[in-house]
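Enquirer: Sharing a structure, written as C-alpha cells. Questions coming.
The values are calculated or read from the model by the stated rules, or taken from the named source; none is laboratory data. None of these values were measured; they are calculated from a predicted model. Please note: Cβ atoms are built from the backbone with ideal geometry, for glycine as well, and neighbour counts cover all protein chains shown.
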C-alpha cells in the first residue's frame, strides 16, 4: 500500500493531504471545496446532514481536516468512483470512528475489505490512534463480516446497530532496538578493539531503550482505556 502526497488548498491555507493506494483502489480525501459541492449536490437528507457535519468539523479544525472530510474510493484502473469512507471526527482519547460504503453494483468483489483495511492501516499509523470503532445496521451482515474479517470484535450496541472495535497491536521495540544497539556496539567495539565489550554495551542500551518505549506505549494505551471507561 502506498501513500501519495497531494497538494490541496483548504480555507486559503496549504495543507498536505494523502491519497491511499492499494492494489486495486485509490482512496482520496475531498478538499473543502469538493466537500462543499457534495453537500450542495446531495439529495438524500441523511447523507446531506452527514456531509454538512463533516464540513463544519473540518472548517472548525482545518489542521485535522483528514479526520473530518469524506474520502472517495475509486478504481485504480479507470478512476471510477465505487464508494466512500470517512472518520467521524478527530481522535478522542485515542479513538476514532470509521464509516464506509460501497455502491451496490460493486459489492461482492472484496472492495470494502480492501478499502477498510487501507483506512485502518493509515489511521493506526497516526500516533494518537489506538482504537478504531465502526457501527453497522443490524441487518447488514455483509458489512459485519468485513469488520470481523479485519479483526474487529463486537463490543456493544451502538446508535445505528452493532458496534465493533479494533485495537492497535502492541509495540515490540525490544528486539528492534537490541539489533540496532548490537550494530552500533559492534562498530564501536571494532574501532576500540573491544568487540565483545562493545556488543554487550550496545545490546544493553538497546534492550533498555526498547523496554522503555514499550512501557510508554502500554501506559498510554492503558490511560486511554481509563478515559474511555474500559
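Enquirer: Of the numbered conditions (1) part of a helix (DSSP H, G or I); (2) over 27 Å from residue 218 (Cα atoms); (3) free of Cβ contacts under 8 Å to residues at least 60 places away in the same chain; (4) touching a strand residue (DSSP E or B) at 6+ places or on another chain (Cβ under 8 Å), residue 100 satisfies every one except a single condition; which is it?
Expert: (1)
Enquirer: Now, a different point. When you scan the stretch 101-113, how many residues do you find that are buried (at least 20 other Cβ atoms within 10 Å of the Cβ) and either farther than 23 Å from residue 156 by Cβ or modelled with pLDDT under 95 (or both)? Working first, answer last.
Expert: Filtering the stretch 101-113 down to residues buried (at least 20 other Cβ atoms within 10 Å of the Cβ) leaves 102, 111-112.
Applying the additional criterion that residues be either farther than 23 Å from residue 156 by Cβ or modelled with pLDDT under 95 (or both) yields 102, 111.
Total meeting the criteria: 2.
Enquirer: Okay, moving on. Against the condition surrounded by fewer than 17 Cβ atoms within 10 Å (Cβ to Cβ), closer than 30 Å to residue 169 by Cα and either at pLDDT 85 or above or touching a strand residue (DSSP E or B) at 6+ places or on another chain (Cβ under 8 Å) (or both), how does residue 204 come out, does it pass?
Expert: no
Enquirer: Is the stretch 194-208 home to any residue that is free of Cβ contacts under 8 Å to residues at least 60 places away in the same chain and under 30 Å from residue 134 (Cα atoms)? Lay out the reasoning, then the answer.
Expert: Narrowing the stretch 194-208 to residues free of Cβ contacts under 8 Å to residues at least 60 places away in the same chain: 194-208.
Still in the running and under 30 Å from residue 134 (Cα atoms): none.
Scanning the stretch 194-208 turns up no residue that is free of Cβ contacts under 8 Å to residues at least 60 places away in the same chain and under 30 Å from residue 134 (Cα atoms).
Enquirer: Can you tell me which residues in the stretch 152-178 are surrounded by 13 or more Cβ atoms within 10 Å (Cβ to Cβ), under 17 Å from the mean Cα position of the chain (by Cα) and at pLDDT 85 or above?
Expert: The answer is 152, 164, 165, 166, 167, 168.
Enquirer: Taking into account only those residues within the stretch 131-149 that are in contact (Cβ under 8 Å) with a residue 24 or more places away in the chain and touching a strand residue (DSSP E or B) at 6+ places or on another chain (Cβ under 7 Å), which is surrounded by the fewest Cβ atoms within 10 Å (Cβ to Cβ)?
Expert: 138
Enquirer: Being assigned to a loop (DSSP other than H, G, I, E, B) and free of Cβ contacts under 8 Å to residues at least 40 places away in the same chain is the filter; apply it to the stretch 19-47 and report the residue that is surrounded by the most Cβ atoms within 10 Å (Cβ to Cβ).
Expert: 31
Enquirer: Of all residues in the stretch 207-221, which are farther than 10 Å from residue 174 by Cα and surrounded by 12 or more Cβ atoms within 10 Å (Cβ to Cβ)?
Expert: Residues of the stretch 207-221 that are farther than 10 Å from residue 174 by Cα, as a first pass: 215-221.
Scanning the stretch 207-221 gives 215, 216, 217, 218, 220, 221.
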